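Some notes on the structure that comes next.
The values are calculated or read from the model by the stated rules, or taken from the named source; none is laboratory data. All figures in this text were calculated on a predicted structure; none of them were measured in a lab. We place every Cβ from the backbone using ideal geometry, glycine too, and count neighbours over all the protein chains shown. Only protein heavy atoms, including side chains, enter the accessible area calculation; ligands, DNA and RNA are left aside. Shrake-Rupley method; radii C 1.70, N 1.55, O 1.52, S 1.80 Å.
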Amino acid sequence: SPSLPGARELMAKAIDAKGGLDKLKAVRTVVAEAKTTFRVQPSPLPSTTTTYVLYPDRFRVDADVAGAKVAQVYDRGAAWLRDPNGVADAPIPMRAQFAASVQRDMIPLLLAAAEGTRTARLLPEETKDGRPYRVVEIAGGIAKDPVRLYIDGQGLVARQAYVDTDPAGRRVQVEEVFSDYRSVDGIQVPFHAELRHNGQAVLDRVLTSVKINTDIAPAMFEKPNR
């Protein structure tokens with residue numbers, strides 16, 4: 001399609017802004033600690049999380065929510081959960097959600113668009129919260145729904161938008177708003193993210209520590225027998 005060259009150029013700019021192709025390709029693991037606030041009524045619920053990513057297709061989130069320790073794990077197609085009651089396989093819709101989230105991870109997303117394993121096309125510019133963004137839509141991969149990236153004047157991804165399914169099976173318009181980019185080993189990482197469902201803020205995440213290419217034991221992703 002005629003828009004592809006423009007999209008390719010924009011993706012190249014986004015990759016350069018993020019740290020460059022070589023740097024992004026060299027990322028094997030990420031360990032991020034965060035303070036996360038769930039915007040629930042009547043009062044916000046704070047939690048601390050540690051996320052372990054082993055590219056391309058394993059992640060684990062360990063969280064402490066109101067004193068309860070929980071884990072959500074995705075391991076190459078399998079998914080399991082741990083809470084104070086023990087260990088269980090993740091329900092199928094949740095597993096599908098985990099798989100889709102792996103596909104939306106910014107580093108593989110940018111690389112897939114650059115390498116042509118997913119299709120990028122330019123959409124009309126949009127203004128959000130008073131700022132203009134160039135918009136590119138990335139489709140393909142196992143995620144059924146495309147992802148829209150909103151790219152600011154510096155080439156950084158300021159927002160990511162997609163459709164997701166909530167636990168009740170309803171379609172939800174999801175937007176992630178990224179800010180406070182900082183360099184970690186030469187890669188630009190947004191230290192603040194806000195998650196919005198149908199325009200409403202539901203979650204706020206502030207990173208407190210990010211480590212890239214630190215060793216992660218693959219056993220962390222394997223479901224224990226009990």
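A few points about this structure:
- Excluding same-chain neighbours fewer than eight residues apart, the aspartates and glutamates reachable from LYS23 by a Cα-Cα span under 12 Å are ASP185.
- Relative contact order for the chain, counting Cα pairs under 8 Å that sit 6 or more residues apart, in percent: 22 percent
- Computed from phi, the 3J(HN,Hα) profile of region 69-79 under the Karplus parametrisation 6.51, -1.76, 1.60 (θ = phi - 60°) reads 8, 10, 9, 10, 10, 10, 10, 6, x, 8, 8 Hz, with x in place of Gly and Pro.
- Heavy-atom accessible area with a 1.4 Å probe sorts LEU24, LEU111, largest first, into LEU111, LEU24.
- Angle in degrees between helix 106-115 and the longest Cα principal axis of the chain, rounded to the nearest 10: 40 degrees
- Basic side chains Lys and Arg get +1 at the Cβ, acidic Asp and Glu get -1 at the Cβ, and with that the dipole of region 1-146 about its Cα centre reaches some 120 debye.
- In this structure, the amide hydrogen of GLY19, modeled 1.01 Å from its nitrogen in the peptide plane, lies closer than 5 angstrom to those of GLN188, counting only residues at least 5 positions away or on a different chain.
- Amide H contacts under 5 Å for ARG28: ASN213, restricted to partners 5 or more places along the chain or on a different chain, H placed in the peptide plane at 1.01 Å from N.
- Based on alpha carbons, the Rg and Dmax found for the chain are 17.5, 54 Å.
- 19 Å cut-off, amide nitrogen to a point 7 angstrom out along SER43 Cα→Cβ, residues in region 53-69: 64-68
- Estimated vicinal HN-Hα couplings, Hz - region 185-190 in sequence order (Karplus 6.51, -1.76, 1.60; Gly, Pro = x): 6, x, 10, 7, 10, x
- ASP166 versus ASN85: modelled label distance in nm, points set 7 Å from Cα along the beta carbon direction: 2.1 nm
- Tensor-based shape of region 24-136 (alpha-carbon gyration tensor, a/c under 1.5 rounded, otherwise prolate or oblate): oblate
- Just the protein heavy atoms count here, and of the accessible area of the chain at 1.4 Å, carbon and sulfur take up 52 percent.
- The lysines whose alpha-carbon is closer than 30 Å to the alpha-carbon of LYS18, local same-chain residues fewer than 8 away aside, are LYS35, LYS128, LYS144, LYS211.
- The calculated FRET efficiency for the pair GLN154 and ASP22, based on their C-beta separation and a Förster distance of 25 Å, comes to about 0.80.
- Seen from every direction in turn and averaged, the convex hull around the alpha carbons of region 139-223 projects onto 8.1 nm².
- Accessible surface, per residue, of region 69-133 when the full set of protein chains is kept, probe 1.4 Å, Å²: 56 Å²
- 3J(HN,Hα) from dihedral phi, region 23-39, Karplus parametrisation 6.51/-1.76/1.60, rounded to Hz, x for glycine, proline: 4, 5, 5, 7, 6, 9, 9, 9, 10, 10, 9, 8, 9, 10, 10, 7, 7
- 5 angstrom amide H check on ALA158, placed H, neighbours 5+ away: TYR150, ILE151, ASP152
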